[in-house]
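Some notes on the structure that comes next.
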Amino acid sequence: MNYPNQQRSGKLKDEDTWRTFKEIEDEYIIIEKVGSGTFSDVYHAYEKKNNSNHVALKRLKKSVHPDRTLSELQMLDKLK
């Protein structure tokens, strides 16, 4: 795995996906999409400042009702 020099993964060809992550591109490099559901998509990524720190990034879909979004964020906050 040569992540530090990797730009866009071949597994993420959708330009809208890259625009979605524009605000975090200075902190993370997206490796691949690992899952998708009704309310969100999950991506495998790593932090640029610490190449060995792999993370899962969850992107909530815009169609999610605000109450569902709040519930999701509260649940994720408990995982910290």
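Some values worked out for this structure:
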item	result
When region 24-80 is reduced to its Cα atoms, the Kirkwood hydrodynamic radius in Å	12.4 Å
Rough spin-label spacing in nm, given labels placed 7 Å along Cα→Cβ, for L60 and T38	1.6 nm
Cross-link pairs K22/K78; K22/K48; K33/K62; K22/K80; K58/K80 - those with Cα-Cα distance over 21 Å	K22/K78; K22/K80
Stretchable slack from E23 to N51, in nm (0.36 nm times residue separation minus alpha-carbon distance)	8.2 nm
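No lab work stands behind these numbers, since they all come straight from the coordinates. These figures come from a predicted structure and were not determined experimentally. Cβ: placed from backbone, ideal geometry, glycine included. Neighbour counts: every protein chain shown.
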